[in-house]
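Take a look at the structure below.
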Amino acid sequence: MCDFLSKSLQKTRSIFKSKPPYPPAWPLQDEQHPKPQMNAQEQCPIFAKLSAELRVMVYEAVLIDSSRYLHICTNRRSKRERRGRRAVRSNAHFWCIEQDSPFPTWQHAGCYGEWLEPTPHYSTVHTRPITTTDDKILSLLITCRRVYSETLRILYSGNTFHFRGGPGLVAFTSSVSPSLWMSIRHVHISTQHLYSAPPWILNEWPPENPDTWATCCQKLQELPNLQSLTFDMTLKWREKLRACQLNYGLEAALLPLLGINAKSFIVEVDMSPSQEVRDALGHVNFVLVVKERPRTHPLYHHSPILDIGDYN
Ligand SMILES: [Zn+2]
């Protein structure tokens, strides 16, 4: 009996000791990992009959939709994360279904799976815990390793990735390899800035926390081939704000953008910057557009603080 227990214990220990680290599959890793051998798939008509140029045209037709945003949604924390053990939260994509919405993009309630349930005495905000889609966008990629290797960067470089503020972007960069992040060429960010973020807001969003916003802008500076970068920013979050509050909010929002380079760089704000703010900014490398959208979707009027800012 003792012998049996001893052998069982040894076997259990060996399982834990010999368990190899599980590397991410190529090409999710970065370039320092060698490209593995792969079947040339020469019997497949896609490779046997189509030139590389034609294959790229097919891939782009299947994987790219430049008419709408590819929202990156941050899933809610797991029980383990809520108990305080930090982990990278998973992200999911969701093709925009509210491209014509008049509200700021971060208020695409349908895209982000948030809805209000009115009751006689109070309203309850519901949020989708996990984002799932049936768009089958990854179906082509997983047909074989060679197709995967040819298509992955087209998926990343051709679509417009939309992030909900700094927390959404920083969470995303924590979940993809640096080389895939560098492949992205089109980014849209929608967020809200407050003239001063109170301490209790540090782990929530909106509004932006200055530290997260700085990290977000640093991440955008890393992108070497940024073709289009667009922001829509809400600053007038209530009717009566003093000029100094508005100036402070605008400077906090815009100054960190100065180091970012993009071929087309547009920043939409809901108020015209004062001369004081323009002087503080100096020469800017973006086009500033003043546009007032309907300020608040009814859902976010009731619950403006969302649970997406606790990624770090
Ligand atoms: Zn949307």
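The values are calculated or read from the model by the stated rules, or taken from the named source; none is laboratory data. Here the structure is a predicted model, which is why all the values come from computation and not from measurement. A quick note on method: Cβ atoms are made from the backbone with ideal geometry, for glycine too, and the neighbour counts reach across all protein chains shown.
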Would you please name the residue that is nearest to VAL267 (Cα to Cα), looking only at residues in segment 92-120 that are free of Cβ contacts under 8 Å to residues at least 60 places away in the same chain and touching a Gly at 6+ places or on another chain (Cβ under 7 Å)?
-> GLU98
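Any chance segment 48-55 includes a residue that's loosely packed, with under 10 Cβ neighbours inside 10 Å, over 29 Å from THR160 (Cβ atoms), away from the ligand (no atom under 16 Å from the Cβ) and at pLDDT 85 or above?
From segment 48-55, those loosely packed, with under 10 Cβ neighbours inside 10 Å are 49, 51-53; that's our starting set.
Those still in the list that are over 29 Å from THR160 (Cβ atoms) too: 49.
Subsequent filtering for residues that are away from the ligand (no atom under 16 Å from the Cβ) retains 49.
Filter once more, so that each one left must be at pLDDT 85 or above: 49.
Yes, some residue in segment 48-55 is loosely packed, with under 10 Cβ neighbours inside 10 Å, over 29 Å from THR160 (Cβ atoms), away from the ligand (no atom under 16 Å from the Cβ) and at pLDDT 85 or above.
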Does segment 84-124 hold any residues that are within 20 Å of PRO167 (Cα to Cα) and modelled with pLDDT under 80, and which are they?
-> GLY84, ARG85, ARG86, ALA87, VAL88, ARG89, SER90
If you go through segment 26-47 one residue at a time, how many are under 24 Å from LEU180 (Cβ atoms) and either assigned to a helix (DSSP H, G or I) or modelled with pLDDT under 80 (or both)?
-> 15
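Conditions (1) of a type in the set (D, E, K, R); (2) buried (at least 23 other Cβ atoms within 10 Å of the Cβ), marked per residue:
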| site | (1), (2) |
| --- | --- |
| ARG145 | yes, no |
| ARG153 | yes, no |
| ASN159 | no, no |
| GLY165 | no, yes |
| LEU180 | no, no |
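Could you list all residues from segment 98-120 that are over 18 Å from LYS236 (Cβ atoms) and within 12 Å of the ligand (Cβ to nearest atom)? Show your work before the answer.
Going through segment 98-120, the residues over 18 Å from LYS236 (Cβ atoms) turn out to be 98-101, 108-120.
Within segment 98-120, GLU98, GLN99, ASP100, SER101, HIS108, ALA109, GLY110, CYS111, TYR112, GLY113, GLU114 meet the criteria.
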Is at least one residue of segment 228-250 touching a strand residue (DSSP E or B) at 6+ places or on another chain (Cβ under 9 Å), β-branched (Val, Ile, Thr) and modelled with pLDDT under 95?
-> yes
Can you name the residue in segment 123-137 that is out of contact with any helix residue (DSSP H, G or I) (no Cβ under 9 Å at 6 or more places or on another chain) and surrounded by 14 or more Cβ atoms within 10 Å (Cβ to Cβ) and, of all such residues, is farthest from LEU70 (Cα to Cα)?
-> THR127
